[in-house]
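S.K.: Quick one: this structure, given as structure tokens, is what I'll be asking you about.
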Amino acid sequence: MRVSVIGCGHLGAPHAAAMAELGHEVIGVELDPGTVKRLNGGRGAFYEEGLDALLQKHTPTGRLRFTTDIAEAAEFADLHFICVGTPLREDGRGYDVSQVLGAVRSLAPLLSRPCTVVGKSTVTVGTVARLQQILAAEAPAAELVWNPEFLREGHAVADSLHPDRIVAGLASPAARHAIEEVYAPILARGTELVLTDPQTAEVLKSAANAFLATKISFINAIAEVCEATGADVGDVAYAIGLDERIGHAGMRPGIGFGGGCLPKDIAAFTHRIDELGAHQAAALLTAVQDINAERLEAAVRLVATAHAAPVDGARIAVLGASFKPGTSDVRSSPALRLAGRLHQDGARVVIHDPQALEAARARHPEYTYAATAEEAAAGARVVVLGTDWHDYTADPGLPAALARLVEQQVLVDVRNAVNTGAWTGEGWQVWQPGRPPRHPAP
């Protein structure tokens, strides 16, 4: 099938690569010529696990190519995915959907034959109706489908190729046929196709992220309870997760959610449903956001408690800058926010990340960065695990390697991610949100 992907950022680039891997001929459209050149050369404009491998596999064959020319894509493809960004508006109270509207307005007059336009960008409830009006006026032969993405950054390629479900909001047999054809290899493996109308698909995406954010904020609130009572939130979360109605996914307490999706999705959804009169739902999600925001201050307090002295003047190593492992995305990164607060309090913060140093330095040139975890930890009084990369959590030699370099063997794991026994066995104190501190093994 001939497919175009309009917008080749964190959503579009992995989706375009995945479509090529599924056997389709794919053209990606991106406005920035530098990004197009880099993608055509087999490299992503950011780190996303598995992306470069697919780019290097399919761009040399011509199955996957990128252009700045949307007219070329309109002429080439029979199905067009809209994957442009939807950042928060400047007032923080809803999405800026101008890129989505602009992409469809640019594409529609160029569609001279029957085709399918498939929206994947996360949008404000009500945007689908506006897009349907544009297509009806400019491209009456085009069908609109709403096909929300449920990708996890750091797993975007894997999630594109092996999703847990595909949701398609559509209104005609022809549109259903197009979706079944483009996703045929995935559906053949037994992945469920959830068919609904476009407006329901639009709400479904926001509702899914709202529930995930609520779950994360809930276990972080329980971590606060455990800190007040001396209980262990790890055991609480494990036992709660055994209930099949709840499950363990998303039940690891930490510093809160971040990245380019959940913070803006929850803010925009909360604002919109309050406008629509769903005030109790909006109040619930406001509380979710408040809990998430407070986790930063809780982490700052935990570092100060573990340090047992004001952090002003102390060298603190922060391991991790990306908002989660598997991606170089530092948007709304809890780890970087924590580094910034410690820097603000006078600490001499040194940051390391396996993939996100370039992105972090571009966004926050005022911070100090190190090329290795060992360089960051040298002379530090506290080591903070801010992002749970396997480089930090799965390397059995790291606790001993860092122990030889630090002034004081104190690890503050704000992700509840490390094997505490491996660290205490090398003489470390380990502090984690919602859990009693672990002291060095005898």
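S.K.: Please specify each residue of segment 402-420 satisfying the condition of being assigned to a helix (DSSP H, G or I) and closer than 27 Å to Gly154 by Cα.
M.R.: Leu402, Thr420
S.K.: Yes or no: segment 234-251 includes at least one residue that is out of contact with any Ser or Thr (no Cβ under 6 Å at 6 or more places or on another chain), crowded, with 19+ Cβ neighbours inside 10 Å, closer than 25 Å to Lys120 by Cβ and not assigned by TED's automatic domain parsing to the domain that holds Gly126.
M.R.: no
S.K.: Which of the following residues is under 18 Å from the mean Cα position of the chain (by Cα) and modelled with pLDDT of 95 or more: Asp159, Asp78? Walk me through how you get there before you give the answer.
M.R.: Values: Asp78 fails: under 18 Å from the mean Cα position of the chain (by Cα).
Residue meeting the stated conditions: Asp159.
S.K.: Going through segment 257-288 one residue at a time, which ones are charged (D, E, K, R) and over 20 Å from the mean Cα position of the chain (by Cα)?
M.R.: Looking only at segment 257-288, we keep the residues that are charged (D, E, K, R), and these are 264-265, 272, 274-275.
Result: Arg272, Asp274, Glu275.
S.K.: Wholly within segment 1-81, which helices (runs of 4 or more DSSP H) include no fewer than the required count, namely at least 2 residues that are of a type in the set (Gly, Ala, Ser)? Even if it seems obvious, please write down each step before you answer.
M.R.: On the way: elements: 12-21, 33-40, 51-58, 70-76.
Once the helices (runs of 4 or more DSSP H) in segment 1-81 are filtered for at least 2 residues that are of a type in the set (Gly, Ala, Ser), what remains is 12-21, 70-76.
Residue by residue, here is whether (1) of a type outside the set (S, T, N, Q); (2) in the same structural domain as Ile70 (by TED's automatic domain parsing); (3) closer than 17 Å to Gly12 by Cβ; (4) not in a helix (DSSP H, G or I) holds:
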residue	(1), (2), (3), (4)
Asp91	yes, yes, no, yes
Gln99	no, yes, yes, no
Ala103	yes, yes, yes, no
Ser106	no, yes, yes, no
Arg113	yes, yes, no, yes
Thr122	no, yes, yes, yes
Val125	yes, yes, no, yes
Ala129	yes, yes, no, no
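S.K.: Look through segment 79-115, keep the residues that are closer than 14 Å to Arg130 by Cβ and among the small types (Gly, Ala, Ser), and return whichever of them is surrounded by the fewest Cβ atoms within 10 Å (Cβ to Cβ).
M.R.: If we take residues in segment 79-115 being closer than 14 Å to Arg130 by Cβ and among the small types (Gly, Ala, Ser), then Gly102 is surrounded by the fewest Cβ atoms within 10 Å (Cβ to Cβ).
S.K.: Here's a follow-up. Step by step: first the residues of segment 237-255, then only those that are in contact (Cβ under 8 Å) with a residue 60 or more places away in the chain and not charged (D, E, K, R), then the one that is nearest to Asn292 (Cα to Cα). Which residue is that? Walk me through it before giving the result.
M.R.: So the first thing to find is which residues in segment 237-255 are in contact (Cβ under 8 Å) with a residue 60 or more places away in the chain, and the list is 252-255.
Narrowing the set further to residues that are not charged (D, E, K, R) leaves 253-255.
Working: Pro253: 11, Gly254: 10, Ile255: 8 Å.
Restricting to residues being in contact (Cβ under 8 Å) with a residue 60 or more places away in the chain and not charged (D, E, K, R), the top hit is Ile255.
S.K.: State all residues of segment 390-429 that are among the basic types (Lys, Arg) and more than 28 Å from the chain's Cα centre (by Cα); if no residue qualifies, say none. Spell out how you get there, then give the answer.
M.R.: Pass one, segment 390-429, residues among the basic types (Lys, Arg): 404, 415.
Within segment 390-429, just Arg404 meets the criteria.
S.K.: Based on what the data block shows, is Thr191 within 30 Å of Leu284 (Cβ to Cβ) and of a type in the set (S, T, N, Q)? Walk me through how you get there before you give the answer.
M.R.: Numbers: within 30 Å of Leu284 (Cβ to Cβ): no; of a type in the set (S, T, N, Q): yes.
Spelling it out, it is not the case that Thr191 is within 30 Å of Leu284 (Cβ to Cβ) and of a type in the set (S, T, N, Q).
S.K.: Just to be sure, is Thr229 of a type in the set (Ser, Thr, Tyr) and farther than 19 Å from Arg435 by Cα? Working first, answer last.
M.R.: Working: of a type in the set (Ser, Thr, Tyr): yes; farther than 19 Å from Arg435 by Cα: no.
Spelling it out, it is not the case that Thr229 is of a type in the set (Ser, Thr, Tyr) and farther than 19 Å from Arg435 by Cα.
S.K.: Let me ask something else. List every residue pair whose Cβ atoms lie under 7 Å apart, where the two residues are 6 or more positions apart in sequence or sit on different chains, the first residue falls within segment 134-146 and is more than 25 Å from Leu204 (Cβ to Cβ), and the second residue, located anywhere, is part of a helix (DSSP H, G or I).
M.R.: Matching pairs, first to second residue: Glu138/Ala108; Glu138/Pro109; Ala139/Ala108.
S.K.: Under the condition of being within 20 Å of Asp395 (Cα to Cα) and without any contact (Cβ under 8 Å) to a residue 60 or more places away in the chain, which residue from segment 315-356 is surrounded by the most Cβ atoms within 10 Å (Cβ to Cβ)?
M.R.: Asp353
S.K.: I would also like to ask the following. For Ala293, work out the one condition from (1) assigned to a helix (DSSP H, G or I); (2) in contact (Cβ under 8 Å) with a residue 60 or more places away in the chain it doesn't fulfil.
M.R.: (2)
S.K.: For segment 248-282, enumerate the residues that are of a type in the set (A, V, I, L, M), over 16 Å from Glu90 (Cα atoms) and in a helix (DSSP H, G or I).
M.R.: Here is the first cut: in segment 248-282, the residues of a type in the set (A, V, I, L, M) are 249, 251, 255, 262, 266-268, 273, 276, 278, 281-282.
Now drop any that are not over 16 Å from Glu90 (Cα atoms), which leaves 249, 251, 255, 262, 273, 276, 278, 281-282.
Answer for segment 248-282, where residues must be of a type in the set (A, V, I, L, M), over 16 Å from Glu90 (Cα atoms) and in a helix (DSSP H, G or I): Leu262, Ile273, Ala281, Ala282.
S.K.: Could you please give the count of residues in segment 350-383 that are assigned to a loop (DSSP other than H, G, I, E, B) and in contact with a helix residue (DSSP H, G or I) (Cβ under 7 Å, 6 or more places away or on another chain)? Write out each step before concluding.
M.R.: If we filter segment 350-383 for residues that are assigned to a loop (DSSP other than H, G, I, E, B), which is where we start, we get 353-356, 364-367, 370-372, 378-381.
From what is left, the residues that are in contact with a helix residue (DSSP H, G or I) (Cβ under 7 Å, 6 or more places away or on another chain) are 353-354, 364, 367, 370, 381.
The number of residues fulfilling the criteria is 6.
S.K.: Considering only residues of segment 185-226 that are more than 18 Å from the chain's Cα centre (by Cα), among the hydrophobic types (A, V, I, L, M, F, W, C) and surrounded by fewer than 14 Cβ atoms within 10 Å (Cβ to Cβ), which is nearest to Gln132 (Cα to Cα)?
M.R.: The qualifying residue nearest to Gln132 (Cα to Cα) is Val194.
S.K.: Another one. I'm trying to understand the selection: among the residues of segment 384-398, which are in a loop (DSSP other than H, G, I, E, B) and crowded, with 18+ Cβ neighbours inside 10 Å?
M.R.: Gly386, Thr387, Asp388, Trp389
S.K.: Right, here's the next one. With respect to Thr59, determine if the residue is modelled with pLDDT of 95 or more, of a type in the set (S, T, N, Q), under 28 Å from the mean Cα position of the chain (by Cα) and outside the structural domain of Gly260 (by TED's automatic domain parsing). First the steps, then the outcome.
M.R.: Numbers: modelled with pLDDT of 95 or more: yes; of a type in the set (S, T, N, Q): yes; under 28 Å from the mean Cα position of the chain (by Cα): yes; outside the structural domain of Gly260 (by TED's automatic domain parsing): yes.
So Thr59 passes the test.
The values are calculated or read from the model by the stated rules, or taken from the named source; none is laboratory data. Remember, predicted model here, so these are calculated numbers, not experimental data. Using ideal geometry, Cβ is built from the backbone for each residue, glycine included, and neighbour counts are taken over all protein chains shown.
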